[in-house]
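Data block below; observations after.
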Amino acid sequence: MITAQQALERLRAGNQRFVDGQHGNLEAINPARRDQLATGQEPFAVILGCSDSRVPPELLFDQGLGDLFVIRVAGNIVSDDETGSVEFAVQAFNTPLVIVLGHSSCGAITSAVDALEQPDAELPTALRSIVARVRPAVESTLAQQKNGQEDRAALIDGAVCANVRASVEQLYSQSELLATRAGQGRLQVLGAQYGLGTGAVEFLDDCA
C-alpha cells in the first residue's frame, strides 16, 4: 500500500488533470478493470464529501473504479455513521489517507446562515439535524468577522473551511482507530475545499 503522501500526490495530480480538461484515468473504468475488482478492492484514499451533485470525487480527482472509498453526506458532516464508514475503509483496506472535502457555495452552510438570519423559519426535521451540525462553523466564522459586516459570500466561504476543519477534528476525536493510526504515522486525515467555478481543490493548509 502506498503512503499517505503518495496518495495525496495522486489526488493533486488527478485534480490538476481535471482542471486542465485532461482525463488520464479512462483505462481505470474499462471492463477489464471492472472484472479485476469483482473479487476485492484496495482504495488508496477515503473521501468524506458533500452530496452536492456538482462535487463527484472520482471525477474531480480523475480517478477510476476501485481508487477511492467515497462517503457523501450534505455538508460533509461527521456523525457516527460517517465515522464508522471511514473506520471500515481504514481498517479493512489499510487506506492511508482520509480527505474531508467541502466546496464553495455549500447548500448546507447556506441553510445554516439562513437559519441564523431567520430563526423562525421552518425546516424539515432531518434537515434541521444537518444544519445544527454545521451551525457552529458558521457562528465561529461570523464571530471572527470584523464587526460582523463582511459580505454573505465571504461568510459562507469562511464557514465552509471552518466546517471542514471541524469535521477533521471530529474524526480524530470520535475514532480511537483513526487517532491511533495517525499517531503511528500510518494515516493522515486532511481537509480540502473544492471550487465550483475553478475545478481546483485546495487542501487544508491552503484554505483561508
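The values are calculated or read from the model by the stated rules, or taken from the named source; none is laboratory data. A quick note: this is a predicted structure, and the numbers were derived from the prediction, not measured. Cβ placement follows ideal geometry from the backbone for every residue including glycine, while neighbour counts extend to all protein chains displayed.
Conditions tested, residue by residue: (1) crowded, with 17+ Cβ neighbours inside 10 Å; (2) out of contact with any Cys (no Cβ under 7 Å at 6 or more places or on another chain); (3) in a loop (DSSP other than H, G, I, E, B).
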{"position": "7", "(1), (2), (3)": "yes, yes, no"}
{"position": "12", "(1), (2), (3)": "no, yes, no"}
{"position": "19", "(1), (2), (3)": "no, yes, no"}
{"position": "42", "(1), (2), (3)": "no, yes, yes"}
{"position": "91", "(1), (2), (3)": "no, yes, no"}
{"position": "105", "(1), (2), (3)": "no, yes, yes"}
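Please determine whether any residue of the range 95-102 is among the β-branched types (Val, Ile, Thr), in a strand (DSSP E or B) and in contact with a Ser or Thr (Cβ under 6 Å, 6 or more places away or on another chain). Yes - at least one qualifying residue is present in the range 95-102. Filter the range 56-75 down to residues that are assigned to a loop (DSSP other than H, G, I, E, B) and surrounded by fewer than 21 Cβ atoms within 10 Å (Cβ to Cβ) and give me whichever is modelled with the highest pLDDT. Looking at residues that are assigned to a loop (DSSP other than H, G, I, E, B) and surrounded by fewer than 21 Cβ atoms within 10 Å (Cβ to Cβ), I get 56. Does residue 34 satisfy the criteria of being within 18 Å of the chain's Cα centre (by Cα) and basic (Lys, Arg)? Criteria not met by residue 34. Does the range 80-98 hold any residues that are modelled with pLDDT under 95 and on the phi > 0 side of the Ramachandran plot, and which are they? Those that are modelled with pLDDT under 95 and on the phi > 0 side of the Ramachandran plot: none in the range 80-98. Hey, does the range 155-174 have a residue that's outside any helix (DSSP H, G or I), touching a helix residue (DSSP H, G or I) at 6+ places or on another chain (Cβ under 7 Å) and under 14 Å from residue 100 (Cα atoms)? So far as the range 155-174 goes, no, none of its residues is outside any helix (DSSP H, G or I), touching a helix residue (DSSP H, G or I) at 6+ places or on another chain (Cβ under 7 Å) and under 14 Å from residue 100 (Cα atoms).
Within the set 35, 81, the sole residue that is assigned to a helix (DSSP H, G or I), out of contact with any Gly (no Cβ under 8 Å at 6 or more places or on another chain) and closer than 28 Å to residue 129 by Cβ turns out to be 81. Here 180, 198 are screened, and the one residue that is of a type in the set (Val, Ile, Thr) and either outside any helix (DSSP H, G or I) or farther than 22 Å from residue 79 by Cα (or both) is 198.
Give the number of residues within the range 1-59 that are more than 22 Å from residue 196 (Cα to Cα), touching a residue at least 12 places away in the same chain (Cβ under 8 Å), of a type in the set (Gly, Ala, Ser) and out of contact with any strand residue (DSSP E or B) (no Cβ under 6 Å at 6 or more places or on another chain). Counting residues in the range 1-59 that are more than 22 Å from residue 196 (Cα to Cα), touching a residue at least 12 places away in the same chain (Cβ under 8 Å), of a type in the set (Gly, Ala, Ser) and out of contact with any strand residue (DSSP E or B) (no Cβ under 6 Å at 6 or more places or on another chain) gives 1.
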